[in-house]
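See below for the structure under consideration.
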Amino acid sequence: MVDVQEIANRIVDNVERVMVGKRAAVQTTALGLLCQGHILIEDVPGVGKTVLAKSLARSVGSKFQRIQFTPDMLPSDVTGISIFNQKTREFEFRPGPIHAQIVLVDEINRATPKTQSALLEAMEERQVTVDGQTHPLASPFMVLATQNPIEYEGTFPLPEAQLDRFLLRIQLGYATKEQEIEVLDRQQHTHPLTQLEQAVTVEELLAAQEAVKDIYIDNQVKEYIVEIVRQTREHPDVYLGASPRGALAIYRLGQARAAMFGRDYVLPDDVKALAIPALGHRIIVGPAARIKDVEPGTIVQDILDRLPVPGAQVKA
C-alpha cells in the first residue's frame, strides 16, 4: 500500500530546506499536487513564490518551466506553434512552455484575456489543441500562477471561468524577524535551491495521487461540504457563489489532507481547514458588501461558524 503521509512529508520537508517558516503554505501546495490541482498564489513580490514553484519541481523530479506573462504575449507563446519544415515539406509542432510538468505562470493577470484563455484547456483537460491537433500534456501536471494583489495598473483581472480552474488560492505572507535573519544566513554564499535534491520519484508521486482517491468520506461529511457550498450562493453579501467544482475541490482536498496526516477517512476538521483557500476565489462579493470591504474569506468563515458540524450535538 502506498504511504501517502510518508511521501507528502518527504516533499514538504525537502521544500522547507529552501522555504523558511512557510510550512503551512508548503503543506497546502503539496495538497494541491496530491489532488492534481492548480494553485493561484496571490501575494506581494519577493516573498518566495518563484522559489516555492522551483523547489517543488526539484523535489518531485519534474520538468519545470516558467512563463512570464506580459501584455504583448500571444496564445501561441504559451501552447506552441506549427512551423513549416522546408526539407520535409510538412508542418512540425514546436511545443510551448506549457508542455512541462510544473509550470510557473508569473503575473498571470499581466497578459490579455486572449492569452489567459490559452491556459483553460491545459488546466482542465491536460492537453492543448493547436491547428486542430491535440497534444496531451505529461503527468504530473500542475500550474502555479502568481499575481500581485496590490498593483492593478496595466493588469487584466482573471475571469470567473479562469479562477474556477484553480483548486486553491493561497498567500505566503512575510516571514518573522528571526526567519528573515535565517534567510540571510542560508544565502550567504549560495542559494539553497541550487543544492536541493530530489525527494520522491515521479512514480511515487503518481501512485500517491491515485491512493488519495481511495480515502473514505462519510455521507454526513459529503452533505456538510455541499451545504457549505450551497450557503455561499444564498449568503446576503454574495453576488455569485461557488460552483459544484468548489464542492469537488473540498472533497478532493479533504481526502488529500486526511492521507497527509495518516488517516484513511476525512474529518469535518479537514473540510473547515480547507474551505477558505478552496472557495474564497470562487465567490463574487455583492456591490453593497464590496463597499464595506467584506472579503470572500470572511463570508466563508461566517458560514463555517453558523453551520452545525456533522456528529456534533446541538445544545437546546
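The values are calculated or read from the model by the stated rules, or taken from the named source; none is laboratory data. Since the model is a prediction, treat every value here as computed from it, not as a measurement. Because the Cβ atoms are built from the backbone with ideal geometry, glycine has one as well, and the counts that use them run over all protein chains shown.
Values as computed for the structure displayed
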{"quantity": "Residue list for the range 259-273, restricted to those being within 13 Å of Gln27 (Cβ to Cβ) and either buried (at least 22 other Cβ atoms within 10 Å of the Cβ) or in contact with a strand residue (DSSP E or B) (Cβ under 8 Å, 6 or more places away or on another chain) (or both)", "calculated": "Ala259, Met260, Asp270"}
{"quantity": "Residues satisfying the stated conditions in the range 169-203, i.e. among the small types (Gly, Ala, Ser) and more than 13 Å from Arg58 (Cβ to Cβ)", "calculated": "Gly173, Ala175"}
{"quantity": "Subset of the range 172-202 that is in contact (Cβ under 8 Å) with a residue 24 or more places away in the chain and polar (S, T, N, Q) - its residue that is farthest from Gly46 (Cα to Cα)", "calculated": "Thr201"}
{"quantity": "Selection from the range 58-68 of residues that are surrounded by 21 or more Cβ atoms within 10 Å (Cβ to Cβ) and within 25 Å of Thr129 (Cα to Cα)", "calculated": "Ser62, Ile67"}
{"quantity": "In the range 1-11, the residues that are of a type outside the set (Lys, Arg) and either surrounded by fewer than 21 Cβ atoms within 10 Å (Cβ to Cβ) or touching a Phe, Trp or Tyr at 6+ places or on another chain (Cβ under 6 Å) (or both)", "calculated": "Met1, Val2, Asp3, Gln5, Glu6, Asn9"}
{"quantity": "Qualifying positions in the range 220-263 - assigned to a helix (DSSP H, G or I), of a type in the set (Lys, Arg) and farther than 20 Å from Pro308 by Cβ", "calculated": "Arg245, Arg252, Arg257"}
{"quantity": "Members of the range 272-290 found to be assigned to a helix (DSSP H, G or I), aliphatic (A, V, I, L, M) and modelled with pLDDT of 90 or more, listed by number", "calculated": "Ala273, Leu274, Ala275, Ile276, Ala278, Leu279"}
{"quantity": "Among (1) within 18 Å of the chain's Cα centre (by Cα); (2) loosely packed, with under 13 Cβ neighbours inside 10 Å, the one test that Pro71 misses", "calculated": "(1)"}
